[in-house]
Amino acid sequence: MFQLPFTNPVLIFTLVLFVILLTPMLMAKIKVPHIVGYILAGVLIGPYCLDLLKKNLAVDLFSTIGLLYIMFIAGIELDLVEFKRNSHKSVIFGILTFSIPIAIGFPVCYYLLGYPLLTSVLTSSMFATHTLVAYPIISKYRVSENEAVAITVGGTILTDTAVLIILAIIIGAKNGGLTTAFWLHLIGSLAVFTLVVFLVVPRVAKWFFSKPESGKTSHYVFILACMFFSAMLAQMAGVEPIIGAFIAALALNKLIPKPSKLFDNIEFVGNAIFIPFFLISVGMIINLKVLFSGEGAIIVAVTLTTVALIGKWIAAFFTQKLYHYSNNQRQLIFGLSSSHAAATLAIILIGYKSKIIDDNILNGTIILILVTCMTASIVTEISSKKMVKKERMQPVEQG
């Protein structure tokens, strides 16, 4: 039963629950965001340190739910009125946070590190992605209605969608499949997915919620089913499931009042179990020993991490200057958009399996994930605290 790594389901779940329970308490003692603690705990109990737990079907299932939950909660908490009012700002930020990291990353990969064209394009596109790992901090401090948060969330879905489409194109180019049929399938499937989620899902939801016999538990299960159904449709359309989860949240946003019992249940279950599980699983893939595997690994890891953070900071800086945001709002944008996890992993692992990238980029990306997630969590925590303090002292100043 106690053979390492643990294989007993009860033992595995007990271990994870104690990690989820104790990590925030320990991190509060040293004033470090609990999100960082979950990632570090994942490193500690994972296969590259104490080897208490390996990635398996159960871990993958819960971490996938947690990742989808992060995107879903971000979409549910989004103030659609504010989002529509600032949709053009989200588009501009999406363009900046997509193009600037690629513009910096491609010449670094191609000329400085000396990688081939396809490898450089794929790696530089990875710099453009980001995962809203620090979003639970936004929820914790109740600053999700700030305009800076709204445009960052909107920009996230734009840039991640664009990068994941680029990934599909690169894989198609690698396999020699950029035919007319390929383009028709990609465009057609994305169009069908969008129509189904925005036209069919809200109508079915309205009908279901109007039924007196459907209880509160059924409402929650229905929302969860919609999230996974949309994620599945997105995957069938050729993009990552996280896009589907976010789009489902936008489609259902008006049907889930805030505050309400249903909204509280969605937030509670995600923040208590699934999201911590995802963050722990991110830590489990990090192998700190790669830093000592050779000089090349260290150079690539430091270069990739530096380029990733600089690209996102410059995008946040230009957004601040364009829309006259405060320094605190700039830091909030940078904090939310600087963490690389889900989409980054998807791109790099697919590229590695397709033999487009090598071991140094793979290992360097793992270090990049650890550093950027820690940086994003700390920056978001500090800027959120400052924002709450400012709101208490005077009315919110919008840029």
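The values are calculated or read from the model by the stated rules, or taken from the named source; none is laboratory data. If you're wondering where the values come from, they're calculated on a predicted model, not measured in any experiment. Please note: Cβ atoms are built from the backbone with ideal geometry, for glycine as well, and neighbour counts cover all protein chains shown. Ligands, DNA and RNA are stripped out before the accessible areas are found, and what is left, the full protein with its side chains, is counted by its heavy atoms. Shrake-Rupley method; radii C 1.70, N 1.55, O 1.52, S 1.80 Å.
Work out, step by step, the length gained on full extension between residue 55 and residue 22: first 0.36 nm times the residue separation, then minus their alpha carbon distance; give nm to one decimal.
Residue separation times 0.36 nm, minus the Cα-Cα distance, leaves 9.8 nm.
Using the Cβ-Cβ distance between residue 359 and residue 269 with R0 set to 30 Å, the FRET efficiency from 1/(1 + (r/R0)^6) comes to roughly 0.20.
Say the cut-off is 20 Å between C-alpha atoms; which of 84/385; 89/312; 31/389; 89/389; 31/386; 261/389 go over it? Correct reply: 84/385; 89/389; 261/389. Listed by number, the DSSP H helices of the chain that run 27 Å or longer by alpha-carbon position along their axis and have mean Kyte hydropathy of at least -1.0 are 9-29, 57-77, 87-107, 147-174, 216-236, 295-323, 359-393.
For the pair residue 204 and residue 29, label points projected 7 Å from Cα toward Cβ lie 4.8 nm apart. Note on residue 211 and residue 192: their simple-model spin labels are 2.6 nm apart, each label 7 Å out from Cα toward Cβ.
Please find the FRET efficiency linking residue 224 to residue 117, where r is the Cβ-Cβ separation and R0 is fixed at 30 Å, and quote it to the nearest 0.05. E between residue 224 and residue 117, to the nearest 0.05, is 0.10. In whole percent, how big is the carbon plus sulfur part of the accessible area of the stretch 197-279, probe 1.4 Å, protein atoms only? Ligands and nucleic acids excluded, carbon and sulfur give 69 percent. Toward the positive end of the charge dipole of the chain, about the Cα centre and with charges on Cβ (Lys, Arg +1; Asp, Glu -1), which of 152, 184, 349 goes farthest? Of the candidates, 152 comes out farthest on the positive side.
Percent of accessible area on the stretch 11-58 owned by carbon and sulfur, 1.4 Å probe? Intermediate results must be reported in sequence, preceding the final value.
Values: 1990 of 2580 Å².
The nonpolar share, carbon plus sulfur, comes to 77 percent.
In this simple spin-label model, placing a label point 7 Å from the Cα along the Cα-to-Cβ direction at both residue 80 and residue 8 gives a separation of 4.9 nm. For the chain, the longest piece that avoids every one of the GluC sites (Glu not before Pro) found in DSSP loops with at most 12 other C-beta atoms within 10 Å covers 1-212. Considering only 360, 172, 286, the residue lying farthest towards the positive end of the dipole of the chain is 286, judged by Cα position with unit charges set on Cβ. As a length-normalised measure over Cα pairs under 8 Å and 6 or more apart, the relative contact order of the stretch 1-134 settles at 18 percent.
Over the Cα atoms of the stretch 94-149, the radius of gyration divided by the Kirkwood radius equals 1.20; this is the Rg/Rh ratio. In terms of the mean number of neighbouring beta-carbon atoms within 10 Å, the peptides 229-235, 369-375 order highest first as 369-375, 229-235.
Across every direction, the projection of the convex hull enclosing the Cα atoms of the stretch 76-220 has a mean area of 12.2 nm². For the stretch 192-322, the dipole from Cβ point charges (+1 on Lys and Arg, -1 on Asp and Glu) about the Cα centre works out to 440 debye, to the nearest 20. Across the chain, Cα-Cα pairs farther apart than 31 Å form 37% of the total. The residues of the stretch 122-180 present an accessible area of 26 Å² per residue when probed at 1.4 Å with all protein chains retained.
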